[in-house]
Structure formats: C-alpha cells, structure tokens
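Enquirer: This structure is in structure tokens; I'll ask about it shortly.
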C-alpha cells in the first residue's frame, strides 16, 4: 500500500485487523457455530462471516420492545453468488425449498443477480449453506472484501457477443474466487488445516484480502442493462453486429456515499482502455491488484477504486495498469450511446426458442394475499422446466421456451394474481428498492416496504397528468449506500433519517450519468406531492418519448452529463423554481 493509504497496526481499521488475524477467514467461527449458548457472533467473527456469504442481523422492528438496548433478536441473511444470475430449473426448485425450510419463506433477488435468504437462525446456518452447496451453488464471494458476484447481461442469446459476455463473467468469477479452505472446513465438514507462517492460502488476496468490496460486471455496448458505469470495474463488449471486437475496460464506478460528507461520492466509472477478448479476465485481475496494493486500508469510507481515481486520476491508474501487464492496452473504442433493456415480456431468442421476463417487485418472491408469486414461479419451473436468469433489475427470465410454454407461463401468472407486463406503466416496471428495514443494519428509513405505496401515489399522479406512458426509472433505498443504484435513476428516494428522504432527479435508464440532489429532508408522506411542480411542467413541456431525467437535464441548462454526486450537495429545486409551496 502506498500514497498515504497504508495502514499500520496502530492506524488500520478494526476490519483490517480482524482480517489480518483471522487465520485466512477462520477466526473462531467454527467454535461459535458449535456453541448453542451463543446467540450470535462477536465483532471479528461477524466481519469474517461476510466472506462466507452471510450477514449477522437483528429485527429492528422489535428492538424498542425488548427491554435493554443490548438485547437483540439475531438472525442471518445468506446470499447466494450466481455469476450472470444463471440458474437451472433444478437449482431454482432447490432454492425454493431452502426458503421454506430455513428462511422466512421468501427469496430475495438482488440487484447483483444473486439470491438472498432472510431470517435464518444461527442453529441452521450450517445446514442452510450446506444445502445451497448441495444445489451446486455457493455463498463464498457473495459478500466481504473480495470480488462480489459477477454480473452480466441476462439476455439468453447465442450470438458470439452474448456468449463472450457470459463466458467472461464465469471466468472472472473463477479467477478471483478466494482459495481459503476455511469455507469447506466450517460449512461442508472439510478437513481442518492450520495455516503456518510459511503457508499462504490466498495467492492473490493475501492475508488481508481487498480494502473493501470489489464489484465487477460484463455488459454489451448495445445494452447497458447492468449499469456498467456503476461498478469498480466493467468490461463492455465492443460489438460489430453479432461479433465481438474486444472489451472497453471501465474503472472507478461506485454508488455508495455518506450523508453530509462532501469527501464521499457516488461516481460513474471512467474508460481505462480497450483490450482483446483473450486479455479481458487478466485485465480485471490487474485492476483488482492495483486496488489491493494501493487502496485505502485506514478509512473504509474511502476504500473503493473510485477514490484512487479521485486522488490520482485515470492517467495514473493507466500507468499502473501498463506496468503490470504484458498485453497492450489500446485507446478506447468508440461505442454507441448506451441503452438499457429490462428484457421483460416475451422475446424471440436466436436459436428458435423464446424467453419470457417476469416483473418481481423489489425482487421479493413471496406469497401475499393478492399475489401468490412464489407459488406461481415454482409452478412455472415445475411445469415448463426452463432455465432461469436473474436480471440486474431484480426480475426473472425463463429461457429455452416454446410458444406453448409461454402460454402456460402466462396462464399460471394470471391464475396467481400477477400482473402481465403490458399492464405495468413504465414507472412501476422500471422500479427497484433495497430491503432496508427491518433487517439491514445500515438502513435509516424504509425502502422495500415503502415503495409499493409510493408507486401507487406516483401512478395516480401520472395518470392524472396524462403522462403514464413516460419512460421513467424510480429507485428507493433506506440509506445512501446505493444498493439499488439510486443515483443513476430518473427519480430516486434515498433514506436520510427516520421517515425523511432525499429526492434525486436527472439520471437515465441508460445508466451513463448521475442525478442531482433535487430536494432534501422530505417526509415520506410528501414524496410525490413535493414533485408536483416538476411533474406538472414535465406534462406540459416534454418532447415525444422524452424521459423525466432527460427533461430535467434540458431545463437545467446546458452542461456535461454529471459523473459524480457527493454526500453534501445543494438541492436544485429552489433554484429551478420548482419547490412545492
């Protein structure tokens, strides 16, 4: 580590110390797991648990009703890493059974194309993780200071470009997966190993792994459905018709920041250069290695790749990259203006089959009174036996279908109360929310539980104004860490404190710019009403096909697309004469 980011034992963060002293992610996890008198893990083990794919949580709804503040009702979230979001029918049915047997009866699709289980108790952690592995999946690398689940465009097409995107995602996942045997020892009853001073299990990560999480993605220049510019590193396939010429490498994206901290930011990545397809995976490993060696290990708020670029610039990063590789890093290739597809509804594949995208509100596959979605999805998989792909918008694709399969799918969805895709107006179809309360320890406000009501109000207002056909992305998060990628949306509501939100406006479905802080400290009950002046003007002045984000950018005056937004901004609504009275 260099450039003032190095941490000594006296200055390193508690997380860095826990990693360094962990015996390659072992800690005392096995001992605590085997002790029925322990309801939860201590600080250091809770840090290590993330590397194994689980977060220790407690039910925040009931904290105030349990007497002493230290009394917490612990449970665990377990996350499944699924590169590219690809699942077989057999795997999906196994995951559904796990939700019923060990979790809270729901599956939560993530914005990184994985699956989360909530409400797992400590005594069933090991059985749950073992069951996931029995389904030929894993939880390792789903969390922690390593490369997280590798995302990829979910469209199940078989042209060379789409095949290359999927292959790159799988290869990246394998290349940067942790090597420690601790996972197998603790969860899968593998032979226990003691790591001596001369034996390092992690040839790439070393004893302290990365400074923080490392998010990677593979996209196409014709479809940015995975928000490529929002990640630590992205490979964007440069296409020539169905063929691929290579990849533009993007570095330094990331959407987490801290309220009131002007030195924290959500940022769009910058293009590092162009590499041949054969060099793409090594390019990603090299970006991760630069981050490993130069990233900030003293202050986790500044421990992402984007802060290296903010401190040193893209030119410095490019020099460090070229110092480490034997292959050429070329000038970036010109790409078309990005677009973003949600892949919902029925589509023809290029092999004579079809695929069908189903909208899953906030990614929660659950049986509710009005919509029995979990039962519907299970029935579809049992009847049709499709492959399944999770999208970056928390939705599901069923692939390899015949027209008769599509008819069956639509009938099952209808019988279980699910809306057809063509019944969803854009603001609902392109909505996302993070889980937030009651399980997330970082949430300061509601998100998943609040967004249905917010969307209902929004839809009523849009219909009243006659703009229900307007293209619009709406995203909601319970804190500023950006898990649902709010800062690239047309409109986003970001939790500020209990019942108060920031409103961001001006992003794009293409995911190539960040939004402005439009209003601050808005009560949840006033979110839609506070946007009435802007929506009224949008209804009167919008161009055909213009999105709300594009309209906002137009009335804000000429400027370059914004590439970052900080934790301390001045709200724009008053300056634009659009604040609600």
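The values are calculated or read from the model by the stated rules, or taken from the named source; none is laboratory data. These numbers come from a predicted model, not from an experiment. A quick note on method: Cβ atoms are made from the backbone with ideal geometry, for glycine too, and the neighbour counts reach across all protein chains shown.
So that you can scan it fast, the table gives a plain yes or no per residue for (1) in contact with a strand residue (DSSP E or B) (Cβ under 9 Å, 6 or more places away or on another chain); (2) free of Cβ contacts under 8 Å to residues at least 12 places away in the same chain; (3) at positive phi:
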{"residue": "350", "(1), (2), (3)": "no, no, no"}
{"residue": "363", "(1), (2), (3)": "yes, no, yes"}
{"residue": "370", "(1), (2), (3)": "no, no, no"}
{"residue": "396", "(1), (2), (3)": "yes, no, no"}
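Enquirer: Something else: Determine which single condition residue 130 fails, assuming it passes every other condition in (1) assigned to a strand (DSSP E or B); (2) over 22 Å from residue 436 (Cα atoms).
Expert: Only one criterion is unmet by residue 130, namely (1).
Enquirer: Kindly establish whether residue 235 is over 21 Å from residue 169 (Cβ atoms) and buried (at least 23 other Cβ atoms within 10 Å of the Cβ).
Expert: So residue 235 fails the test.
Enquirer: Return the residue satisfying two criteria in turn: it lies in segment 415-436 and is out of contact with any helix residue (DSSP H, G or I) (no Cβ under 9 Å at 6 or more places or on another chain) and crowded, with 22+ Cβ neighbours inside 10 Å, and of such residues it is farthest from residue 479 (Cα to Cα).
Expert: Among them, the one singled out is 430.
Enquirer: Further, regarding this structure: Taking segment 144-165 as the region of interest, how many residues are in contact with a strand residue (DSSP E or B) (Cβ under 6 Å, 6 or more places away or on another chain) and either within 14 Å of residue 244 (Cβ to Cβ) or surrounded by fewer than 24 Cβ atoms within 10 Å (Cβ to Cβ) (or both)?
Expert: Selection size over segment 144-165: 6.
Enquirer: Okay, moving on. Select from segment 461-481 the residues that are out of contact with any helix residue (DSSP H, G or I) (no Cβ under 8 Å at 6 or more places or on another chain) and in contact (Cβ under 8 Å) with a residue 60 or more places away in the chain and write down the one among them that is surrounded by the most Cβ atoms within 10 Å (Cβ to Cβ).
Expert: That would be 480.
Enquirer: Would you please name the residue that is nearest to the chain's Cα centre (by Cα), looking only at residues in segment 224-253 that are in a strand (DSSP E or B), touching a residue at least 60 places away in the same chain (Cβ under 8 Å) and within 21 Å of residue 489 (Cα to Cα)?
Expert: Only one residue tops the list, namely 233.
Enquirer: Would you pick out the residues in segment 529-555 that are in contact (Cβ under 8 Å) with a residue 24 or more places away in the chain and more than 22 Å from residue 339 (Cβ to Cβ)?
Expert: Hits for segment 529-555 are 529, 530, 531, 532, 533, 534, 535, 536, 537, 539.
Enquirer: Looking at segment 267-279, which of the residues that are within 23 Å of the chain's Cα centre (by Cα) and surrounded by 23 or more Cβ atoms within 10 Å (Cβ to Cβ) is nearest to residue 510 (Cα to Cα)?
Expert: Result: 268.
Enquirer: Of all residues in segment 355-383, count the ones that are more than 19 Å from the chain's Cα centre (by Cα) and part of a helix (DSSP H, G or I).
Expert: 11
Enquirer: Are any of the residues in segment 282-296 under 18 Å from residue 209 (Cα atoms), modelled with pLDDT of 95 or more and outside any helix (DSSP H, G or I)?
Expert: Checked against the condition, which is being under 18 Å from residue 209 (Cα atoms), modelled with pLDDT of 95 or more and outside any helix (DSSP H, G or I), segment 282-296 yields at least one hit.
Enquirer: Which one of these is crowded, with 22+ Cβ neighbours inside 10 Å and either closer than 30 Å to residue 49 by Cα or over 23 Å from the mean Cα position of the chain (by Cα) (or both): 264, 286?
Expert: Just a single option satisfies the conditions, and that option is 286.
Enquirer: Quick check: anything in segment 166-174 at pLDDT 95 or above, surrounded by fewer than 16 Cβ atoms within 10 Å (Cβ to Cβ) and assigned to a helix (DSSP H, G or I)?
Expert: Yes: segment 166-174 contains one or more residues that are at pLDDT 95 or above, surrounded by fewer than 16 Cβ atoms within 10 Å (Cβ to Cβ) and assigned to a helix (DSSP H, G or I).
Enquirer: Being more than 18 Å from residue 311 (Cβ to Cβ) and either in contact with a strand residue (DSSP E or B) (Cβ under 6 Å, 6 or more places away or on another chain) or not in a helix (DSSP H, G or I) (or both) is the filter here; which residues of segment 270-281 pass it?
Expert: Residues satisfying the conditions are 271, 273, 274, 275, 276, 277, 280.
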